[in-house]
Amino acid sequence: MKRVGVGIIGTGMIAEQHVTAIEHLGGLGVLIAACDANPARLTRFGERHFFPFACQNPSDLIDRKDVD
C-alpha cells in the first residue's frame, strides 16, 4: 500500500494532534513537511518531530510532489 505524504500548515498546539494522528496510521502516513509563518515556532516543532522539509510559505509546501 502506498504511504501518504503529509504536510502540516501551522505548527501550533493542534499540530501535535495531527502528528499523533499520523503516527496512528501505522506507517501508511509520513510527515513530509511543516510550514509556519513563525520561524521560532517552526524550529521548536522541528526539534520535537522529524520531517525533511520546513518552510514559512504555504505555497512551498502545497507545491511539493511528495505531499499528498
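The values are calculated or read from the model by the stated rules, or taken from the named source; none is laboratory data. Remember, it's a predicted structure, so these values are computed and weren't measured experimentally. As a convention, Cβ positions derive from the backbone with ideal geometry for all residues, glycine included, and neighbour counts pool all protein chains shown. SASA here: full protein model, heavy atoms, side chains in, ligands and nucleic acids out. Shrake-Rupley method; radii C 1.70, N 1.55, O 1.52, S 1.80 Å.
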**OP:** Can you tell me the relative contact order of the chain? Whole percent, Cα pairs under 8 Å, sequence separation 6 or more.
**Re:** 39
**OP:** Identify the residues of segment 28-49 with backbone N under 15 Å of a label point that sits 7 angstrom from the Cα of LYS2 along the Cα-to-Cβ direction, or state none.
**Re:** 28-30
Original post:
Mind checking the angle between helix 13-23 and the chain's longest principal axis? C-alpha axes, 0 to 90 degrees, to the nearest 10.
Top reply: 20
**OP:** Whole number in Å², please: accessible area per residue of the chain, 1.4 Å probe, ligands, DNA and RNA not counted.
**Re:** 66
Original post:
What label, among [x] 11.2, 36; [y] 12.5, 42; [z] 11.2, 33, belongs to Rg and Dmax of the Cα atoms in Å computed from the structure on display?
Top reply: [x]
**OP:** Could you look at the chain and say what percent of its accessible area is carbon and sulfur, using a 1.4 Å probe and all protein chains?
**Re:** 58
